[in-house]
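Quick notes on the structure that follows.
The numbers here are math on the coordinates, done by the rules we state, and not lab data. Since the structure is predicted, the reported quantities are computational estimates derived from the model, not experimental observations. Glycine also receives a Cβ, built like all others from the backbone with ideal geometry; neighbour counts cover every protein chain displayed.
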Ligand SMILES: C[S@@+](CC[C@H](N)C(=O)[O-])C[C@H]1O[C@@H](n2cnc3c(N)ncnc32)[C@H](O)[C@@H]1O
C-alpha cells in the first residue's frame, strides 16, 4: 500500500479535482486497484499510467466514451499507445501552429485595412497544417531532377506505384501507373491537370489491399505523419517495394554542419525531439538507407535546399513553402531572418561559411530508404 497514492495526492499531482477522479471511478474509466483500510481510493503505478493516458486524451478533446475505447484497446501495448498519443499531440501542435500563422496573416491584413472573408476565418479551425500552408507550396516546391533520378531508379521495374503524402505530385514517375494518396484538400486541389488519380487518405491507414502495388514511395512527408512507423508498415503491407525520401533526425552532425540550424534556427532541434531514428524507420520497412546529397542549385525548395544560396531564406515565399518555418513559430522565424539579413549585409555569413562556396553538393542528413 505504501507505493500507492491517495485520491487527494493523485488529484493534486494531476491538477484535476477529487470529484473528477470519483466520477472516472463511477463510470469505470479508472477504478483504483485498491482501497485503504479506511475505504479510501488508492492508486497504483499502473492506475496512474492509465490516468495519464485518460487526461492526455481529455486534453486532446476526446469524449469519455471514446477515451474508454482507446485505453482499453486490447490490440495495442503500452508503447504503441504512447506512440499514438504522441502522434495526436504532434498533430494538435501542427494545427495550433497553422492557426497562429493564419491569425498572424489576418492581423497583417487588418493592419492594411483588408478584412478576411467569413470563409477564410472559418477555414482555420478545420485545417490541417497543409490545408493552411499548402497554397504557398507550388511557388518554390518542384521535382529536383537529380533526386528524382535516385527515387525512380530505386523503384526498379515497378509498373504500379503508390505515392503516399503525394502533395502536388512532385517526383511522380511519368512512365508508370501511379496512384496518389494525399490527406490535404488544399494540396489535392493543386495537383496539375493530368496528374495521377489521388485518393483522400492518410499513410497510417491506407485504403488498399495487401500487396496491391509493385512499389510505394513517400517523399518529404514521413515527418508529418502522426505515427511514422505505422505509416511505413502500411506502405510495406500494400506494396512489394518501398522507397522513402526522408532525413536522419538523430544524426546531430549535419544539424551542426548546416549553418541555418546551427547559427540561426536552433529551434529546429526541438521539432525532432522524440522523432523515430533512421534505424527505426528503416526497420519498419526492412530496408537500407542511402545518403542523398543536396545539389547547390537544388530545384526543389525544401528546408535545406538553399544551403549555398543564403539570401533565399530572406524570401517570404521560400519560407512559406517549408513547414519548418511555421512549426518553429513567428518569433523564432523573425529572429532567425533578421539575424541572417544582418550577417549577410555585414559579411559575417560569408566569413563563417566561405568553404561552402567550393562545394557542388552537401551532405545534410537526407536519406533514401529502400526496401
Ligand atoms: C512537404 S509535403 C511533400 C509533398 C510531396 N511528396 C512532394 O515531395 O512535394 C508533405 C505532404 O505530406 C502530407 N501529409 C501530412 N500528413 C500526412 C499523413 N498522415 N499521411 C500522408 N500524407 C500526409 C501533407 O498534406 C503534404 O502534402
Open item on the list: Please compute the modelled spin-label separation between residue 112 and residue 76, points set 7 Å along Cα→Cβ, answer in nm with one decimal.
Closed with: 4.3
- [ ] Rounded, prolate or oblate: pick one for the chain, where a ≥ b ≥ c are the square roots of the eigenvalues of its C-alpha gyration tensor, a/c under 1.5 means rounded, and failing that, prolate if a/b is larger than b/c, else oblate.
- [x] prolate
Task: In Å, descending, principal axis extents of the Cα set of region 112-262 - done: 56, 40, 29
Open item on the list: If I take R0 = 25 Å and measure r between the Cβ atoms of residue 52 and residue 250 in this structure, what FRET efficiency does the formula 1/(1 + (r/R0)^6) give, to the nearest 0.05?
Closed with: 0.45
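Answer rounded, prolate or oblate for region 1-56, using the Cα gyration tensor with square roots of eigenvalues a ≥ b ≥ c: rounded when a/c is under 1.5, else prolate when a/b is larger than b/c, else oblate.
Numbers: a/c = 1.42, a/b = 1.31, b/c = 1.09.
Rounded, since a/c falls under 1.5.
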TODO: Round to the nearest 10 and give me the degree value, 0 to 90, for the angle of helix 145-154's Cα axis relative to the longest principal axis of the chain.
DONE: 60
Task: Stretchable slack from residue 66 to residue 23, in nm (0.36 nm times residue separation minus alpha-carbon distance) - done: 13.9 nm
TODO: Just subtract the alpha-carbon distance of residue 346 and residue 317 from 0.36 nm times their residue separation and send over the number in nm, one decimal.
DONE: 8.1 nm
- [ ] Would you mind checking the tilt of helix 78-111 against the longest principal axis of the Cα atoms of the chain, expressed as 0 to 90 degrees and rounded to 10?
- [x] 60
Open item on the list: How tilted is helix 330-346 with respect to the longest principal axis of the chain? Cα atoms for both, answer in degrees (0 to 90, nearest 10).
Closed with: 30
TODO: Could you tell me which of rounded, prolate or oblate describes region 247-289, using a ≥ b ≥ c as the square roots of the eigenvalues of the alpha-carbon gyration tensor, with rounded for a/c under 1.5 and, failing that, prolate when a/b is larger than b/c and oblate otherwise?
DONE: prolate
